[in-house]
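A short write-up of the structure that comes next.
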Amino acid sequence: MGFRMFGRSAGALLAAVLLLSAVPAGAGAKNVPRHAAQAQGKEHSVQDVTAQTGRAHETPAQASSVMLHWAPVSGAVRYAVRLAEHTPQGAVQVRMEMDRIYTTGVHVPLVGRTSAQQLYWSVRPLDYNGAPLADWSEERPVPREEAEPAAPALTAEFGSMSYAPLYPVYSWVPLNGQKHHEVEVYRRADGRDTYLHTLQAGEYDVYDDMPFTAPGRYVYRVRGVTANGAPLSDWSDYGVLDVAGRTPIAALGDSITHGGGAITLPPSYLLYDWETYCTVPVKNLGRSGDTTADLLARFDRDVLPFAPHVLLIMGGVNDYRSGIYGAESVRNLTVLRDKCRAHGITPVFLTATPIRPALMAARMDIMRPPADWWAHRDYINNWVMQQEYCIDVATVLSDANGQLEEAYTTDGLHPDLMGKKYIGEQVDLYLREHFEWTSYEALRHAQRGKAAAAAEDGK
């Protein structure tokens, strides 16, 4: 199972929701990821998403299958894909349409459809209720896509992140009909790969509970297996995870820091990570499901190896929504503050974001919080705003009743794109204003990005 929201057991709850939706033949059933969120209020478009794959294959006319890819669209919980035949006479006939695709790609069988040379495909994003968020994308010829893939296609965007996340989430597009996978993780050094561990996974993604604190290069690969673990596919290409040593700025938190959104898009993508929208590079030390007690318990193990000068701390949502008193949360945050100072780290606290209980229950079957949840949230946030360094991100995300603004969330628990973007931008502004040296870090990061892009273009 690849799902983790704030609570460690939340995956089982969401699974029941999506099991209500039958998947058409060729699309596969959804094994729901373990995080959440959706973004609204942003212009939706998929007119160019298929053009971002950069693929140029020559698919045989009688290819048995093809792998399609596209970029994620904000607010999309799932996608629809359509294959249409273009005849020499100019007629267009839809040969296949699937509307329950929960990742940014799909492996499509072609046997018995028609010659691949006459087929074109397009995609459109759908919201939680299956309503289109945009029109169909521009059609692309099937012969330009990967024919008869032998392994899942990796989708994690680690290489585009400022730093590799402490707790990576591996994601992929599965081969048609394959519901179970395994992921092998290795450390790569001196031309050798040293095996670390194997993760048993569901259909689309899996969360790694091992923190990657030692600097170096790590690689991973995935393959489809039966429920009993017998191989069904080849191993994928290796994905890469480069772990830096010291990082000047880091962020400690729960799933809001960890990332992911629109219920189905995991933290392996950039779209719903607030760190994406902060130009100052931030090391993501988030772990989905954490309470303030969890943040405190893993401080020595997960924070100190990176020796940050500034540690952004955002927690408390999992506390107040599960009945933990605000006073207890504040005690944990106080100890975190004192531990930071003892190690020469400047703590910067962010307010705990609000929730929308009715939407949590309707969309995710999440346990309802106590009736006085708001009082404990306010207790936490009042303490946060009394600290030497603090950022209020909760007020703007709240409606007139103090709940998470509905336009900012899919599940009622996690802010989506506009919420994450707001958090990232506020963090960026605050760091630049209070720590002048962070502007230099942002400049160095931008220069490294340009150099890497130039090197990639030169290959």
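Values computed for the structure shown
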item: Extension reserve of the Glu138-Met367 stretch, reckoned as 0.36 nm per residue once the Cα distance is removed; result: 78.3 nm
item: Charged-residue dipole, Cβ positions (Lys, Arg, Asp, Glu), segment 246-443 about Cα centre, Debye nearest 20; result: 400 debye
item: Ascending count of other beta-carbon atoms within 10 Å, so fewest first, for Arg331, Arg444, Arg287, Arg356; result: Arg444, Arg331, Arg356, Arg287
item: Contact order normalised by residue count of segment 318-406, Cα under 8 Å, 6+ apart, percent; result: 40 percent
item: Stretchable slack from Ser160 to Ala400, in nm (0.36 nm times residue separation minus alpha-carbon distance); result: 82.7 nm
item: Proximal charge balance of His309 [Cβ under 11 Å; K/R count +1, D/E count -1]; result: 0
item: Order of His309, His414 under a 10 Å beta carbon neighbour criterion, fewest first; result: His309, His414
item: Shape of segment 244-320, Cα gyration tensor, a/c cut at 1.5; result: oblate
item: Ser439 versus Thr87: modelled label distance in nm, points set 7 Å from Cα along the beta carbon direction; result: 6.6 nm
item: For segment 246-443, the fraction of alpha-carbon pairs in successive 5 Å shells from zero, as %; result: 1, 8, 17, 22, 22, 16, 9, 3, 1, 0
item: Theoretical gain in end-to-end length, Thr226 to Arg188 [0.36 nm per residue, Cα-Cα removed]; result: 10.9 nm
item: Cα-based shape type of segment 205-264, given that a ≥ b ≥ c are square roots of the gyration tensor eigenvalues and the cut on a/c is 1.5; result: oblate
item: Overall form of segment 122-171 per C-alpha gyration tensor (a/c, 1.5; a/b vs b/c); result: oblate
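FYI, it's all coordinate maths here, none of it is from the lab. Small disclaimer: the values here were computed from a predicted structure and weren't measured. So basically every Cβ, Gly included, is an ideal-geometry build from the backbone, and we count neighbours across all protein chains shown.
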